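Structure first, commentary second.
Values quoted throughout were computed directly from the atomic coordinates according to the rules given, and no laboratory measurement underlies them. Quick caveat, the model's predicted, so the values are computed rather than measured. Backbone-built Cβ (ideal geometry, glycine too); neighbour counts: all protein chains shown.
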Amino acid sequence: MRTARTLHAATATLAALSTLAALCILPACTIEQHMTPPTSARATCTISQQDWGTVDGQPVHLWTLRNSQGMEAQITDYGTIVVSLKVPDAKGQFADVVLGRPTVQDYVDRTQYFGCTAGRCANRIAKGQFTIDGESFTVATNNGVNHLHGGVKGFDKVMWSGTGAVTRAGATLTLTYTSSDSDEGYPGEVKATVTYTLTPDNHFDVDMTATTNAPTVVNLAHHSYWNLAGQGSGDILGHTLMIPAARYTPVDATLITTGEIASVEGTPLDFRTAKPIGQDIGGYPASTDDPGGYDHNLVLDRRPAFDGLWLSAVLTDPASGRTMGIWSNQPGIQFYSGNFLDGVPGKDGTTYNKLGALCLETQAFPDSINKQGVQGWPDVILRPGETYQHRMSHRFGS
């Protein structure tokens, strides 16, 4: 049995690597791509800032990061939201590949978590309850009976302080926020930092850190909605997706993980070889309370790996030729197929309907705080003197 499992694992890995090479993402993991960009990056990357309204009486800014290849990211200091990301296709034509709202007030009215940092704890906490060192805590239940993405006013709905620079790495925006003790019911003060970097070679990197003065829960996630054909261009069922994950975490009817870690073999969640998203999505049909589709955490194989990051997903739009490889240092990735998009007004007069985009959120497993001590589950308790670090790199090609 052990031999059979080993052979199967090796076969799956080879299949994943073959898919990776076919999608022209392998160059992203060569040593050259990980070297520090030359000093000329200072001249080829730019960053600028403009006023973008107010929230709660505080001025909001929109930052624009550009590189010499024409790639452009726009980010606001409200919620650290990535408002737009323009990426070239195989013919050099640019399109904005992330969903978003026209104005900052639209994000206040309804964010849908577009492009934000979800925290202090991303994903769900069962019934909004957990214990740390024997002490019980209660946080908001803003997703039915459960807690979701930091609560009623999580990290996505507050003002951050931004500082822009052009460094050897590229155009960089660093955003900071201090979450007070008892914020949304969480213990301890947390100082969080999110750094976005647009590199000269079309990488869009997200680095998230946090420190605390008391034991607390921290599990941050970047929450962009992706459509590589361009935002508002239709559904993503024809996109192909590869996720190097042989296991996933099953959930109950309220989307809370059961504590089991199961094999993807024979399930619609087997993305070890690239396949169209629409191919097996019918395996998760709609019900009375659920619109159906993917909303699952997969346990990453953590290989191939390089420089402390491992391949976490490869997404491709065959029509445009755009590809996006995601590398991270996190144990899991939440794949969400935009099931709850219900006619949300978007940018440039577009409308976002069900399956109009997808999210690929690297993070610790959902409800990990209530699986402390369960084999295979990550520790999401941050303690004084420790630094939470979440690195994520989106690498674009065609």
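Among 191/354; 157/347; 86/347; 127/191, which pairs are too far apart, with a Cα-Cα distance over 24 Å? Walk me through the numbers on the way to the answer.
Details: 191/354 35 Å; 157/347 19 Å; 86/347 13 Å; 127/191 26 Å.
Beyond 24 Å: 191/354; 127/191.
Can you give the FRET efficiency for residue 178 and residue 91, using 1/(1 + (r/R0)^6), R0 = 51 Å, r = Cβ-Cβ distance, to the nearest 0.05?
Between residue 178 and residue 91 the formula returns 0.65.
Arranged by the count of other C-beta atoms within 10 angstrom, fewest first, what order do 303, 247 take?
Values: 303 13, 247 18.
By the 10 Å Cβ count, ascending, the order reads 303, 247.
Can you tell me how much longer the chain between residue 302 and residue 133 gets when fully stretched, taken as 0.36 nm per residue apart minus their C-alpha distance, in nm with one decimal?
57.9 nm
Taking just the alpha-carbon atoms of the chain, what radius of gyration and Dmax come out, in angstrom?
Both quantities, over Cα of the chain: 20.0, 64 Å.
Hull surface divided by four, with the convex hull built on the Cα atoms of the range 292-398: how many nm²? Mind showing how you got there, number by number?
Values: hull surface 39.1 nm².
Value for the range 292-398: 9.8 nm².
Please report, to one decimal in angstroms, the Kirkwood hydrodynamic radius of the range 236-373 built from all distinct Cα-Cα pairs. Walk me through the numbers on the way to the answer.
Working: mean 1/r = 0.0633 Å⁻¹.
About 15.8 Å, per the Kirkwood formula over Cα pairs.
Using C-alpha positions alone, give me the convex hull volume of the range 196-259 per residue in cubic angstrom. Before the final figure, lay out the partial values.
Numbers: hull volume 13.5 nm³, N = 64.
In the range 196-259, the Cα hull volume divided by residue count equals 211 Å³.
What net charge do the residues around residue 214 carry, taking every other residue with its C-beta under 11 Å from that of residue 214, with Lys and Arg at +1 and Asp and Glu at -1? Intermediate results must be reported in sequence, preceding the final value.
Numbers: positive: 383; negative: 133, 135, 181, 189.
Result for the local shell: -3.
What is the order of 127, 371, 191, fewest Cβ neighbours within 10 Å to most?
Details: 127 17, 371 21, 191 14.
Going from least to most buried by this count: 191, 127, 371.
Tabulate in residue order the Karplus-calculated ³J(HN,Hα) for the range 108-124, using 6.51 cos²θ - 1.76 cosθ + 1.60 with θ = phi - 60°, rounded to whole Hz; enter x for Gly and Pro.
After applying 6.51 cos²θ - 1.76 cosθ + 1.60, I find 5, 5, 7, 7, 6, 6, 4, x, 9, 9, 8, x, 6, 10, 6, 6, 9 Hz.
If amide hydrogens are placed 1.01 Å from N in the peptide plane, which non-local residues have theirs closer than 5 Å to the one on residue 61?
It is 52, 77, 78, by chain and number.
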